[in-house]
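Each remark here refers to the structure printed beneath this line.
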Amino acid sequence: MNYSIATAPTAEPVSLADAKAHLRTIPGDTSEDAYVIAPLITAAREYCENITGRAFAAQTIEAYPDRFAPIIELPRSPVISVTSVVYTDADGNEATMDAGDYLVDGKFGRIAFKKIPSFNPAMLNPIKITYTAGFESVPRTVRQAMLLLIGHWYENREAVVVGAVAAIKIELAVKNLLNQSRAWWF
């Protein structure tokens, strides 16, 4: 399923102050805040989201399933709310489903449809589901994975060969921490 981030998060799960404390930067030094550290925080969150299939900061997502099914798994969970389910009907007209025609399983990021409307299957991505996803409280293991990534990227700003073993250990540690919060589909 294709998807895009319609509205990016306005707050990160790891604050600038927490990241700087983890990095042990010089107190009062703000020279790297906007150019280096803040982008590393965002990159670490995005990396963790891509590995786990979760949204760790509130964001609006537009998902484009290619067809209706009784249950559609959304690309990021947990789901806070569904704004709309818009589809192109068999006649080529855009229609919006009533919220009463589907149930939302927010924890696992699924929508169960009570009835499946007639839609245009010949059209590429005839459905658009707009929803907000994100954690109210990010698991500590995910925050720790983010801090490990931020610290590693802060210290290794270039692609390096020296210390490749350390880079592998960081990657394994991060993936092991993130596997605990991964969205598993069976």
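The values are calculated or read from the model by the stated rules, or taken from the named source; none is laboratory data. In this text the structure is predicted, and so the values were computed from the model without any measurement. With ideal geometry, Cβ positions are generated from the backbone for all residues, glycine too; neighbour counts draw on all protein chains shown.
When only residues in the range 1-32 that are in contact (Cβ under 8 Å) with a residue 40 or more places away in the chain and among the β-branched types (Val, Ile, Thr) count, which is nearest to residue 153 (Cα to Cα)? This residue is 14. Here 137, 77 are screened, and the one residue that is free of Cβ contacts under 8 Å to residues at least 60 places away in the same chain and either in contact with a Leu (Cβ under 6 Å, 6 or more places away or on another chain) or of a type outside the set (Val, Ile, Thr) (or both) is 137.
Among residues that are among the acidic types (Asp, Glu), farther than 30 Å from residue 171 by Cβ and not assigned by TED's automatic domain parsing to the domain that holds residue 40, residue 94 is included. Does at least one position in the range 88-99 carry a residue that is within 26 Å of residue 55 (Cα to Cα) and assigned to a loop (DSSP other than H, G, I, E, B)? Checked against the condition, which is being within 26 Å of residue 55 (Cα to Cα) and assigned to a loop (DSSP other than H, G, I, E, B), the range 88-99 yields at least one hit. In this entry, residue 116 is excluded by the filter for residues that are out of contact with any His (no Cβ under 6 Å at 6 or more places or on another chain) and assigned to a strand (DSSP E or B).
Of all positions in the range 6-26, none carries a residue that is modelled with pLDDT under 95, outside any loop (DSSP other than H, G, I, E, B) and touching a Phe, Trp or Tyr at 6+ places or on another chain (Cβ under 8 Å).
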